[in-house]
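What follows is one structure encoded as structure tokens, with my remarks underneath.
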Amino acid sequence: MSGRDDDRKGIARELKRGSLELIVLHLLSLGEAYGYEIVTTLTERTNGGLEVTDGTLYPVLYRLERAGFVAVRWETPQRGVPRKYYRLTEAGQEELGRLTHEWSTFANAMAQLLRQQPERT
Amino acid sequence: MNADQVYIDRVIAQLPLDAGLRTQVEMELRSHIAERVEHGQSVEEALTHLGDPIVLAESYLAAIPLIAAPFWPRAAARLIDAFGVLALVAMPIIAFVVLTLWREQGFLIPIAIIVTIFIVSILGALYPVIAEYRYGKTVGKHLMGLRVVRESGARISFGQSVVRQLPMLTQVWWIDMLFALFTDKHQRAFEILSKTRVVVAREEQS
């Protein structure tokens with residue numbers, strides 16, 4: 001693989017890393033979910049364009065929980081291991097609004113820049 | 001032992017000796033692995049999705065901000081440890097030696113004191129190495145509300161614990177200590193070298 005390919009993957013990874021909290025908050029705004037549900041919903045809704053590993057997602061959920069943006073509850077089935085459900089809090093809703101605005105501003109600015117044609121001399 | 005338990009143990013081993021955090025991460029991992037198994041995947045597949053256990057532990061720890069320990073509490077912790085070793089080890093040995101040899105073999109007292117100083121020096125050097133590796137803190141640091149971690153917040157290794165204490169075996173340990181006054185994270189030179197730091201052990205961390 002060339003260095004350029006590595007760079008492109010690196011950019012995609014950095015973009016995803018930077019927007020992971022926004023992604024998770026948005027998915028939780030659709031309704032309460034458990035970890036595996038969040039991973040599969042993301043893959044389904046983006047046709048695999050955005051995928052996240054469990055090892056990346058769970059620390060983000062932990063961070064959001066600590067920040068008070070996400071509330072959790074444990075559901076203990078009759079058999080098996082207790083399952084942890086995540087849902088958005090009011091503070092999380094506000095954070096989602098803020099991050100969405102930031103992302104839209106950035107995406108619009110990039111789109112505007114990339115639409116510009118080179119000036120002919 | 002099952003593969004999932006081995007994996008969880010490896011993650012937990014990186015976390016500070018904190019019942020709350022360890023218990024929470026263990027419960028979460030067990031739950032997340034079970035979710036994938038319930039959806040028809042094997043434990044091995046579930047573990048592959050979780051990735052390297054050390055990276056995962058460090059990702060969890062990244063959510064907890066580390067507060068650099070100020071210089072003076074660190075100095076106080078060092079003094080407490082030094083006096084502790086003197087009071088609990090040196091003084092009783094010296095008292096025992098003097099009382100035992102006083103009447104008949106008084107000439108042996110200076111030799112016994114030299115041997116005692118040697119033993120105390122060895123213990124004084126070994127104690128922080130073992131305590132910081134095993135518990136993340138010495139008694140002095142515990143009393144001052146401090147603990148030793150890697151740059152990532154994970155537990156330090158035995159090698160790191162040894163490197164941290166190397167300057168104490170030399171005559172220039174005070175130069176190493178002075179670094180803590182001027183570096184961003186209040187790190188000694190050998191802490192920078194060993195990629196460790198001393199942080200405030202806050203409520204949610206400990």
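Using equal-weight Cα scatterers in the Debye expression, the normalised intensity of the protein assembly as shown in log10 at q = 0.06, 0.08, 0.13, 0.16 Å⁻¹ is -0.34, -0.55, -1.06, -1.30.
For segment A:55-121 versus segment B:130-206, the spacing of their alpha-carbon centroids is 35 Å. Among B:Met168, B:Met144, the order by Cβ neighbours within 10 angstrom, fewest to most, reads B:Met168, B:Met144. Sorting B:Glu132, A:Glu21 by the number of Cβ atoms found within 10 Å of their own Cβ, with the fewest placed first, yields A:Glu21, B:Glu132. What the pair-distance distribution of segment B:46-179 shows, using all Cα-Cα distances binned every 10 Å from zero, is 11, 31, 27, 17, 9, 4, 1, 0 percent.
Taking only the alpha carbons of segment B:8-91, we obtain Rg and Dmax values of 19.8, 65 Å in that order.
Over all Cα atoms in chain A, the spread is summed up by Rg and Dmax: 17.9, 75 Å. A DSSP coil position with no more than 10 other Cβ atoms inside 10 Å describes the following trypsin sites (Lys or Arg not before Pro) in segment A:50-111: A:Arg79.
Every read-out reported here was derived from the displayed coordinates using simple, explicitly stated rules and does not represent laboratory data. In this text, all values refer to a predicted model and were calculated from it rather than measured experimentally. Heads up, the Cβs are rebuilt from the backbone with ideal geometry, glycines too, and the neighbour counts pull from every protein chain shown.
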